[in-house]
Every structure is written in C-alpha cells, then in structure tokens.
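**Student:** Sharing a structure with you now.
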Amino acid sequence: MNQDPIVVSVLGMPGLAVLWVLTLVAFGVFGWRVSQLVGLIRRGRPENRFDQPVRRVLHFARNVLLQPRIFNEPAIGLPHFLIFWGFVLYVVCFNWGLVRALFPALPIPYPDELGVVALFLDVFAVVVLVSLLIAAVRRAFFAPPHLHLSADANIILLLIGILMLSSLCGGAFKLVAAGTGASAWVPFGSLLAPLFAGLGVERAHALARAMWWVHTVGVLCFLVYLPYSKHLHLLASPFNVLFGNLRPAGDLTLAGASEESAAGAAKWEEFTWKQLLGGLSCAECGRCDRACPATTSGFPLEPQQVIQKLKKHMIATGFGAPAKDAPALIGGVMTEPELWACTTCMSCMERCAVLNEQIPTIVQMRRHLVSEGAVEKTLQDMLANLNRYGNSFGKSDRMRAKWTQPLATKVKDARKEPTEYLWYVGDYASYDPRLEDITRKTAEILQQAGVDFGLLYEGERNAGNDVRRIGEEGLFEMLRDKNVAVLEKAQFQTIVTTDPHTYNTLKNEYAWNGRGVKVLHYTELLDQLLSQGRLPLKKRLSGKVTYHDPCYLGRYNGVYDPPRRVLSGLGLELVEMPRNRNRSYCCGAGGGRIWMEDVPGIKERPAESRIREVAGLPEVATLVVSCPKDIAMFRDAVKTTDNEGTIVVKDLAELVWEAMQG
Amino acid sequence: MNLFVLLKTVPDTVEELTVAADNKSLDAEWLRFKLSDADEHALEQALLLKEKHGGKVTVVAMDAPELDESLFMAFAKGADRVVKLAGELAAVQSLSAARLFAGFLEGEGQPLPNDALVLVRSQAIDDLEGEIGPYLADLLGLPYVGVVTGIVPEGGGVTVTKEFAGGLRGEFSCPMPAVLGIQSAEKPPRYVPIAKVRAAMKSSTLETVDVSTDAPARFPIDRLYKPESAGRAEMIDGSPEEVADRLVDLLANQSLI
Amino acid sequence: MANGILILAEHLKGEVADITFEMLGAGRTLADALKVPLHVAVIGQGAGAVAPKLGLADAVFVVETPGSELPPASTVAVLLKGLVEQKQEGLVLIGWTNLAMGVGSVLSARADLPLVNFCRGIRVEGGGLVVTSQLFGGKILSDVALADGRGIVSVSAGAFPADAGRSDKAATVETVALPVEAPAVAFKRFIEPEAGDVDITRQDILVAVGRGIQTQDNVGMAEELATALGGAVCGSRPVVDQGWLTLSRQVGKSGMTVKPRLYLALGISGAPEHVEGMQGAQTIVAVNTDANAPIFDVAKYGICQDVLELLPVLTEKIKARKG
C-alpha cells in the first residue's frame, strides 16, 4: 500500500501538484520578503565584520549552538535551548521530507521511516511541547517585566505547538495503522497509540497522512509568517552572532567604516548594515531592559525599544519614497532625552541573548546630536572646558598636579625621566577636592612599596573615554592624538590608571600608532604588588565589606579578581552583593551623565538603588569601590538615602593605605 | 542684513594672574587669552540675526595668541567671512582698538550700507579706558546702544532691548547702520563639534590684515598690583561638619537664627 | 588747578540712584582737598525734580531734554561736554552703570579727556590725582595718574559710601540751556520685570547661588537651606541666564541691589558686577573652592570648600538648632 502522504487528492487536485504549488508560493514569499529585508540592510553603511573567519565560526558555535546567555534566566533557559535544538532537528527533517515528497522518484525514505530519526522526532516533539508549555505559562502568569507580550509571540507558540502535536500524533497514527501499536523507536507515540486503537487501519493511515499535511502546511505557513514576525530572529540572529564584534567591547571604533560615520546617524541608512541587522535579530525578550539602570530608574530609555524602533522605522520608511509626514528618526521616533539617558554601562549588551550592540547604536545617534549642537548646556560647557583646558572641571591645566604638593616625597616627572610605571591619574582624581586625599594615599602606597612611577603633570589630558560616548568624536580624536604625542615622548614600561574609564580607552581605543602599550588599572598593580610581597602591610584589617565592580573595569574589561584578592589579602571578608561581577549595577555616572542635569520623574537614581542593595547586606558597613566617579556618586547617594552613619564608601586605596599605617 | 562682529580677547582668569616685574603689566609666562563672554554672545547674536533675517556675518578680530581656533569655530558656526587684524597688538586698549576696527570698517565702504549692524561686546574685564563700542560709534558717526539683550529689525532700523538695573529693561528704536554693544544674545552661544571646526580649518580661509598703531594706550598705567590678600574674610576651616557647626554658632550669636 | 569737579547724576523715573550719592561724597572730599567747586549735572526729563536732593554740591546744573525721555549716551555726552566747557570743569565723575554706559567714552573722545574706568578709589597725589581701578574681575588693581587732575572717571558702584553724599542742605540749582540734538536713538518704553513671587530686596536673609552650584537640582538644596533659615534664594547672572532662577532673583549690576542682614554667597566668585549688588549686606559669608576668589575680599567669613558637600550638612544643623 502506498502510504506516501502525497498520494492523496486535496480538494480534487493531486496532492503532489498542490504540494508543489504551496511550496513554491511559500518559499517564494519567504524568499522575496527576506531578500527585501536584506536589501534594506545592505543600504546601511559599510562595516568590516568579515575578518578572522575561524574565530567567528567558533564564536558562532559557542553563542548560537550552546547559547550560554539564554541560561541566565533559568526558567526559560533550558526550555529555549531545547526548543532551539528541536527546531534544528525539525528543519532538517522537514526539508528532507519535503524534497522526498516533491520528487517521489528519489530513492530516499521519509525521515520518520528511519528508526533513529523517528526516535529523535518523537522525543523532541514532547520535549518541545513541554518547553512551549513552560514558555506559555511563563508568558501568561510569570512574565518578567519588559518581555514583549505580543499576539505575534502567542501565534508562534501556537504554531510550533501545532507542528509538534501533528508530528507526535502522526507518529501515533502510524503505529496504529501499522498494527504494531508500539515501537521502541517511537516511545511517546507508543504511549498515545492506545488512545487511537479503536481506529481502523485505513482511518489511521488517513489521519497519519492528514497529520503530515497539517505539519507540512503548518511549516509552510510558518515560513511565510516568519519574515513578518519577531521570529525572524531565528534567521537573523545566527548571522548577528557570526558577524558579531570580536574586538574588545570597550572599543567603539567602527572598523572599515566610512568617514561620514563620525558624523553619526540621523536616518536609518546612516547606520551600518550590522547595526540594522541587530533590529531584525532582536527576539523581544526584554533581558536588556531588565538589566538597564536607566530603565529601572525611570529614565525614558529602554534599550529594547531603541533596537525595535530603529527596525520598525527602517521597514516603515525603507520601501519606496517615505510619506511626507513620516516622523524623523531623531526627534520623532527616538527622543533626545531617551538617547542621553544611557550611561553606557553595557548591562544590556552583556545580557542580550542575540548579542546585539545597543550602545554603538545609541552613540551613533548621539554623534548626530553633537554634530547639530543639540547638546544640553552643562554638557556643552564641559566639552568646551575639555577642549580648552584638557580637563572636564574647567580648571587651569597647570593645577592638575596641585594635589601632589602636600606629599613628603616629590613624584617623578615622567616627561623628563624614564620610569617603570606611568601613572595616568585622570581628571576626577586630580581635580576634585573631595578625592585629592585618596589620590595622595595612592601615591604614598606606591612610594612606600618602592614602585618606580611618575606623572605627566600638566602634560596629562582627559583620555577621552566619556567624550567618545557622548558622541563628540572629533574632540575624542583630538585628545587622543595629543595624548599619544605626549606619551610617545615619555619613556615608560607600563601605564597605570586610577580611573576605569581612562583604563578602558587607553587600553582599547588608543592604537598607539601600532606599538603595543601595556595598561593596568591600579587594582591590578596592587594585586601584583601584594602577590609579590612588595606591599609593606603593617596590620591586618578585619570586618565585612562589599565591593562594587565598576562598569568599565569589570563588565568591559573583565577585571574582577584582582581587587577581590587585594581585599582578602588585607584580611577583609568580602560579602558579595546580589548584583556582582558582570551583573554589577552602574552608579549612573558614565556616558557623560555625570555632567548632565537630572531628569524629572526619576524614581530612584542608580547610585541610590545600589546603596540600598548594600544596606540589604547584613553586617556590611563598608562599600569598597575602585573608581573616583563611584566615590563621588555613592557618597552623595549615601546622603540622599539617609544612610549616613550606616554605610561608608571607601576606595580600595584607602584600605590598603590604612593597612600600611602602623 | 550686513552683520559685522568685532572681537577682542581678554586675559583668561582661570589662570592665576600675576603682575610682571615692571609692575605695569601682567606676567606673560602663564597668561592665556580667550574671547570674553560678551564677545561670544555678540557672535551668537549675529548668527541668530542672519538665520532669521538672512544676510552675511563678517567677523573681525584683533589678533592674540590662541585666537585662531576661536576664529575657525566662528566659521563652523556660520560666519561667512573672518578677518584677523594682525600686528603688535598686546598693549592695545579700548580707544586704540576702536580706531583699528574703524579703520577696517571704513576700508569696507563709506558709509556702511543701510542694513549694516556692527556688534561688539558691551563691556569686558580689561576695559580700563572704557568700552570699545561707544568709541567706535563716535569714530564712525553711527548711533550706539549698549547693554543690548535683544534685537529685532523693524521699519528700516532695529528695535533693541537694553538692560538697566533691578531687572528693568528698556526698548529703543535705532536706525541702521548702527553699533550695538551686546550684553547677551537671545540664546546662549551654540555648540559646534570639533569635527566641524577641523573641517573649517581645512576648507575656510582666514583673512589677515596687517595693522599698526602708534598709540596703543591713551594713558600709561602707573602701577599694576594684586589687591591685598583675601585676608579680609575670616576663614573657617575643618570638615563640613565642623564648619557647619561653627557657622551655626556664628549665626546664632548674631541672632540670625 | 582751578577747574571744578562735575558729577553726572544718575536718575531714573524720578529716583536718584545711590551711585550719585556715592560720587557726591567722594567728590566733596576731593573738592575740599583741592579747593575747587563741586558741581552736579542732572540731564534728561525730570531732571528738575530730582535736583533739590543733591545739596552737597556747590551747584546743581539742570539740563532738560524735552522730547527725549531717556536720551542716549551720545546726547548726554554732548550735553556734558557743553557743561564742561561752559563751567570749566576739570574732572568728570560718571557712574559705571548700565544707564550711563557709553557716556564716558563719547565724552572722552569728543572732549579729548582720558577716561579711567572701574574706579574703586581716587586720591590726591602730587599736583594731580591717582585713580585706582579694578581690572579682570577684581583680581588685579591699577593706579593711573591724572597729572593735571583732568579726566573722566567711571566710578564702580559701592566704591564709596552713599551716606557721605546725602545732605539736607538746600541745593543751588541752575537751569542751563544747551542745544539738544535730536538723537538718532529713541526711547520707546520700559519693560518692567515680571513681579516675582518674592521681593529679594526685602529679605533679611538671602542664600545666593552662583556657577559653583553646578546644576539646577542643587538650586533645590539651596532652597532648602533658605527655607530653614527663613530667607530666600537669589543668584548671580550665570545662574539666571541658565534659567535656574527667574530674573527677579538676580543680584548684581543688571539685577537687584540687596542689603540683607545675612548674605550667603555659595559658589559665587565675586565678580564686580555681582558684588555691586550685594556689598551692602551686613554679614556676608562666602563658600567657594577657589581660595583666591574675589568674593573673599568682601565677605566677613570665608569657607574654602565645595558648596555641594557643605550645603546638606549646614541645612541639617540649622534645622536642628532651630528645633
């Protein structure tokens, strides 16, 4: 008996013909739509993401096939992983089966005619169904905030459910039709088969064929629906990962970008093709929003929306001539407060399961705002000060090293004498009167440890990290060029920085004209000195402390352990906050925000939320930080959250210094 | 509108100013110069007028160290023509500056066209001999209004808003051509990104006109000196807590709280 | 030197500005020392009405300007020149104010007399006068000699005490007829300041904020302190220009002149344009991170610290003390 599913009449027409028509239509629509979208993306600006192919493939293998980030949210982690692999299996088998069905003459079996394959199909049908159920229940009753609860998502779940059910039932019907009622190759089908035992063989065969058609047509419908739904992410995101950023995250240089990229993006075509691909890759899961300190605080920024709105705008205006009253990208679709709210902490990118690049997208738009001069006054003044005086405080560049005056031993001038370590102090540590003391203590630590170090004195200028994130690319380049020129004349082995922002840009964004320069954060240096026994500690400190990982040291550059080793080396007991290491919660100063006005309607500033997190740790009265801006932000937040007297904010250097006093 | 903006730098008071050994001039070692706030506002006002009413903005500046970047910034902001008056100008005071500017403007055409406005800073911290604007207006035979915060072209001339004291302002009608001393522009000076300034450096030409003067100053300065140190105020030191405590005591003693 | 001293009186809407009395007091001292007459010129509409208040001078010259309610600087300067020539004046004192802006310069050009601006003091020396001026926002002082005592001096507000210029003496008023050229610039109308919710000139305690307050939010901190003290917030020009305070709260040359019992200057550098508006306060306490800020020259108490650190602590302590 020919049980081939295509040997049927569908509405009076031969099944094969109908199948061909449906297949051609479905693939045609799918292909057409996908090529339309690819065409849109290709209108974006160039960016070189085709280097290091081997590394890219490995990157793909890890982040798509193993998808570790999906497991960051345990409830959906395993289910999604299983749905993904189930999907991979089913896609392969579907295409196999379709080819067989369309070309009956081919001497190949249907996939489920092979025992092993049938087993996988059967088991995964159930696995996927269970996972779908978990996903649906989560969506319905336990939806985390910012998970986009859309009809689209529900349709997808339903459709996949139908596909799995039809496959599962088809298998059961086949068993009934074969008369065996059970098979080791179809375990779950065998469990279902008894329910259908009453059906006659003919009926069972008919139903099995019907299930095949339901499944096949279902997939073809899915195919047509896919490029119009968020499920496009399953096609786009593997490429998004394959063409992902292999350079350090802290490097905002656009490789192979055109010169105009520095002027930013005011229209969707002015983004790079990779940034546009990100929109299509977004699965609307909301992980980025949940992690974003701006979103949580009540700022008008949601990273997911930035990505989604760009995509929707591209699609809405990309075909044909845009409508006359179509809203402009910046000002209409995206608002200025939204774009300025970002602290560039990178929590979004750290969590994104499809490895989207929200920050470069936002910075690209900020570059446009800067080129138009649409920058708030306080920021303008700061940039003008930076340009003129080389520091964000607007103080004379001659005053940069004034903090050194009270020191008993003068610090070497690295411009005049060779040193081992060139200490790049940074604006805040040099100019802020509240921080001078800590900077001096750091100097004394290094002096007492016998470290050979020097300063650039007035030759030092702001390294430009935040300038770049604000979008003033021209000023960043000017600062970088001037700094590199000064540093090239100095003789040193390693640069040490106080500020993680300085650290990030010197390490990742200064090409140093090709010659490699080693950059350390002072916590890394302290860690080395400690492990080499070169820190003359005179007493052990005790007590419980907690440590805040600065965004630009931790998440951006992976430096988590050195400060922790120093703390434990001092004798302190570290109690981790819930949001620690790469989940550290930004203090809110980055991205230029420390110079911007507060926005009305903020529920709770990021620094205040963090202090409350510290307050939630029993027996911990000290918050240890390793960034000057953190000191400024958290000490303020301690006051505004009425925690004065309960929580004290200390720099790691202060603790080391304390331990070095007799 | 034919807008002229006349710029002159002042010593940058971010640096500590010290007197040179001759006790008659500022110590030049750490001396830096910048355009005064009112100069920036005068330029901004000119650009705003051009944007609203059309026309041309010509910037004329008295040369000083580090001035060039500000001049290219003026191009990037929208100035059409920028002229630098170059020469031995360090000692030039207000009246002499007015003469040099007048000389340049007279070279542009006598009399100035009927849609011409000459904008200068209303006052600045180095105006020992008085403000430049009134001298200039007198030399050119043009009307002058100072402390201007608003300009609206009206009926062949302009209506200007001038500030008095106590928040009071006055409206005056002034024919064109005229010299106006700008206190502040209708909007704060705009920001122009460095990339545009650098582009201007490559694409725009800074005209240089050599000028000289026999009498940079009307009268010599006998002596320049620092005021007696800030010992006038009794300083309260200590931590914020200690300072606050002491202050509260002081105020209580004076029955202020 | 037989030439007299002529003061240009500053008046607006029937009120004589304090600067006039300040110049009168200083002029009287100089005139007595040099044994020359002291005269006052009152120019403009309503000149006759204010003349009688200026009795400290030996003579008050009234020059009416019919048809010109607020004559522009050039018109006033020409009239002054007429007086200088007619009455053989040698030294002319003019207030450095918005109202008089430009008069000195035009007079200097037309009468060929040197003009010395920003005057904080005048003394007799040798056969002439030495004028002390403040330059660069008050950071540097200059001494300029007027060898024959002839010149124009533009006097900064507050350089001399106003009380020394007030007098009950009957003024000798003389109306002087001088040709008034029709000015090209015509006064149209006054724009009154919007009545603010608070009249800072009537406050006993003022908390003043300057650029050092850094952001608009921090102005709120100052308001808390003002409330705790029972006073009001005011500010220097940059803060008002930013829009953080209304114009009615501006203290200084273009703003209000205030004389409270307590003036707390927070993050204010002390530029002359601001000091002019508050130097009459009884007790001035200044907070500024720059130890060289000129504000410490006028303040009674100085604190060289960051305003933002001190403010909340101070507010708490005041609240605590007041109970």
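**Student:** Across chain B, how large is the tail of the calculated P(r) beyond 24 Å, expressed as a percent of all Cα pairs?
**Tutor:** Above the 24 Å cut-off, chain B has 54 percent of its Cα pairs.
**Student:** How much length is gained on full extension from A:THR494 to A:ARG69, taking 0.36 nm per residue of separation minus their Cα-Cα distance?
**Tutor:** Answer, rounded to one decimal: 149.5 nm.
**Student:** Could you sort the peptides A:6-14, A:235-243, A:303-311 by per-residue average Cβ neighbour count (10 Å cutoff), highest mean leading?
**Tutor:** By packing density, highest mean first, the sequence is A:303-311, A:235-243, A:6-14.
**Student:** Using unit Cβ charges (K, R positive; D, E negative) and no other charged atoms, how large, in debye to the nearest 20, is the dipole of the protein assembly as shown about its Cα centre?
**Tutor:** My answer is approximately 4180 debye.
**Student:** Could you give the C-alpha radius of gyration of region A:213-262 expressed as a fraction of 2.2 N^0.38 Å, taking N as the number of residues it contains?
**Tutor:** 1.83
**Student:** So what's the gap between the Cα centers of region A:120-165 and region A:10-66, to the nearest angstrom?
**Tutor:** 23 Å
**Student:** Then there is this: R0 = 35 Å: FRET efficiency of B:ASP22 with B:THR205, Cβ-based, nearest 0.05?
**Tutor:** After rounding to 0.05, the efficiency reads 0.35.
**Student:** Compute, for region C:143-236, the length of the dipole vector about the Cα centre, with Cβ point charges of +1 (Lys, Arg) and -1 (Asp, Glu) only. Units Debye, rounded to 20.
**Tutor:** Roughly 320 debye, rounded to the nearest 20.
**Student:** Sort C:SER142, A:SER347 so that the residue with the fewest other Cβ atoms within 10 Å of its own Cβ comes first and the one with the most comes last.
**Tutor:** C:SER142, A:SER347
**Student:** Could you bin all the Cα-Cα distances of region C:224-310 into 5 Å bins starting at 0 and give me the percent of pairs in each, rounded to whole numbers?
**Tutor:** Pairs per bin, as whole percents: 3, 16, 25, 28, 21, 6, 0.
**Student:** Straight distance only, please: which lysines reach the Cα of C:LYS319 with their own Cα at less than 18 Å, same-chain residues fewer than 8 apart left out?
**Tutor:** Cross-link targets: A:LYS639.
**Student:** Over the residues of the protein assembly as shown, compute the C-alpha Rg and express it relative to 2.2 N^0.38 Å.
**Tutor:** Normalised Cα radius of gyration, the protein assembly as shown: 1.17.
**Student:** Moving to a separate point now. Over chain C, what relative contact order in percent results from Cα pairs under 8 Å that are six or more residues apart?
**Tutor:** Taking the mean separation of contacting Cα pairs over the length of chain C, I get 15 percent.
**Student:** Per-residue Cβ counts within 10 Å, from other chains only, averaged over B:170-177: what number is that?
**Tutor:** 5
**Student:** While we're looking at this one, here's another question. Taking only the alpha-carbon atoms of region B:53-171, what semi-axes of the equivalent ellipsoid follow from 5 times the gyration tensor eigenvalues under a square root, in whole Å, largest first?
**Tutor:** Here the semi-axes work out to 23, 19, 16 Å.
**Student:** Next question, about the same structure. Using the alpha carbon gyration tensor of chain A, what are the three equivalent-ellipsoid semi-axes (square root of 5 times each eigenvalue), largest first, in whole Å?
**Tutor:** Over the Cα atoms of chain A, the ellipsoid semi-axes are 57, 28, 21 Å.
**Student:** Let me ask another. Which length gain, in nm to one decimal place, applies between A:LYS410 and A:ILE602 when the Cα-Cα distance is subtracted from 0.36 nm times their residue separation?
**Tutor:** Full extension from A:LYS410 to A:ILE602 adds 64.6 nm.
**Student:** In whole Å, largest first, what are the principal axis extents of the Cα atoms in region C:39-155?
**Tutor:** Over region C:39-155, Cα extents along the principal axes are 42, 29, 28 Å.
**Student:** For region A:455-600, what mean projected area does the convex hull of the alpha carbons give, in nm²?
**Tutor:** The number I arrive at for region A:455-600 is 11.3 nm².
**Student:** Can you pull the Rg over Rh of region B:183-257, Cα-only, Kirkwood?
**Tutor:** 1.28
**Student:** Using unit Cβ charges (K, R positive; D, E negative) and no other charged atoms, how large, in debye to the nearest 20, is the dipole of chain A about its Cα centre?
**Tutor:** So the dipole magnitude of chain A works out to roughly 520 debye.
**Student:** For region A:10-150, how big is Rg over Rh, using alpha carbon atoms and the Kirkwood form of Rh?
**Tutor:** Rounded to two decimals, Rg over Rh is 1.04.
**Student:** Using Cα pairs under 8 angstrom and six or more residues apart, how large is the relative contact order of chain B, in percent?
**Tutor:** Computed value for chain B: 24 percent relative contact order.
**Student:** Taking 7 Å along the Cα-to-C-beta vector as the label spot, tell me the A:TRP512-A:GLU619 distance in nanometres, rounded to one decimal.
**Tutor:** With each label placed 7 Å out from Cα toward Cβ, I get 4.4 nm.
**Student:** Starting from the eigenvalues of the Cα gyration tensor, five times each then square-rooted, give me the equivalent ellipsoid semi-axes of region A:379-660, largest first, whole Å.
**Tutor:** 28, 24, 16
**Student:** Let me ask you something else. Please compute the average number of Cβ atoms from other chains found within 10 Å of each residue's Cβ in peptide B:137-145.
**Tutor:** Shielding by partners across B:137-145 averages 5.
**Student:** Sticking with this one: Quick one: if the Förster radius is 60 Å, what FRET efficiency do A:GLN447 and C:ASP163 give, using the C-beta to C-beta distance and rounding to 0.05?
**Tutor:** For R0 = 60 Å, the calculated efficiency reads 0.50.
**Student:** Rank these for me by crowding, C:GLU181, B:GLU40, going from fewest to most other beta carbons within 10 Å.
**Tutor:** Placing the least packed residue first, the sequence is C:GLU181, B:GLU40.
**Student:** Hey, another quick one. When only DSSP loop residues count, what trypsin sites (Lys or Arg not before Pro) in region B:2-37 have their Cβ near at most 16 other Cβ atoms within 10 Å?
**Tutor:** Those satisfying the criteria are B:LYS24.
**Student:** Pull out the extension gain between C:THR246 and C:THR227, defined as 0.36 nm times the separation in residues minus the alpha carbon to alpha carbon distance; nm, one decimal.
**Tutor:** 5.1 nm
**Student:** Label points 7 Å out from Cα along the Cβ direction at A:GLU458 and A:TRP20: separation in nm?
**Tutor:** 8.6 nm
**Student:** Still on this structure, I have one more. Which lysines have a Cα lying under 22 Å from the Cα of A:LYS518, excluding residues fewer than 8 positions away in the same chain?
**Tutor:** Once the sequence-local lysines are set aside, what remains near A:LYS518 is A:LYS412, A:LYS416, A:LYS482, A:LYS489, A:LYS507.
**Student:** Still on this structure, I have one more. Ranking A:TRP403, A:TRP512 by Cβ neighbours within 10 Å, fewest first, what do you get?
**Tutor:** In order of increasing Cβ crowding within 10 Å: A:TRP512, A:TRP403.
**Student:** If you don't mind, another one. For a paramagnetic label modelled at 7 Å from the Cα of A:ASP51 toward its Cβ, which residues of region A:508-550 fall within the zone defined by backbone nitrogen distances under 19 Å?
**Tutor:** Residues A:508-518 fall inside that zone.
**Student:** For region A:259-371, what is the number of Lys pairs with C-alpha distance below 15 angstrom, counting only pairs 8 or more positions apart or on separate chains?
**Tutor:** 5
**Student:** Separation between the A:LEU78 and A:ALA210 pseudo-spin-labels, each 7 Å from Cα along Cα→Cβ, expressed in nm?
**Tutor:** Here the answer is 3.6 nm between the modelled labels.
**Student:** Select from region A:503-584 those trypsin sites (Lys or Arg not before Pro) which occupy a DSSP coil region and have at most 14 other Cβ atoms within 10 Å, ordered by residue number.
**Tutor:** In loop regions of region A:503-584 (DSSP not H, G, I, E or B), the sparsely surrounded trypsin sites (Lys or Arg not before Pro) are A:ARG515, A:ARG534, A:LYS538, A:LYS539, A:ARG540.
**Student:** Need one value for C:128-140: mean number of C-beta atoms belonging to other chains within 10 Å of its residues' C-beta atoms.
**Tutor:** The per-residue average across the peptide is 5.
**Student:** Which FRET efficiency, nearest 0.05, do B:ASP249 and A:ALA140 yield, Cβ-Cβ r, R0 51 Å?
**Tutor:** Given R0 = 51 Å and the Cβ-Cβ separation, E is 0.20.
**Student:** If we sort A:470-478, A:147-155, A:247-255, B:162-170 on the protection proxy, mean other Cβ atoms within 10 Å, highest first, what's the order?
**Tutor:** Listed from highest to lowest mean packing, they are A:470-478, B:162-170, A:247-255, A:147-155.
**Student:** Something else: Relative contact order of region C:200-322: what whole-number percent is it, with Cα pairs under 8 angstrom and at least 6 residues apart?
**Tutor:** Computed over region C:200-322, the figure is 25 percent.
**Student:** Could you run the Debye sum over the Cα atoms of chain C, one equal point scatterer each and no solvent, and tell me log10 of I(q)/I(0) at q = 0.11 Å⁻¹, two decimals?
**Tutor:** For the requested q values the scattering log ratios are -0.74.
We did not get these values from a lab; they are worked out from the coordinates using the rules stated. What you see is a predicted model, and the numbers here were worked out from it, not measured in a lab. Virtual Cβ from ideal backbone geometry, glycine too; neighbours counted across all protein chains shown.
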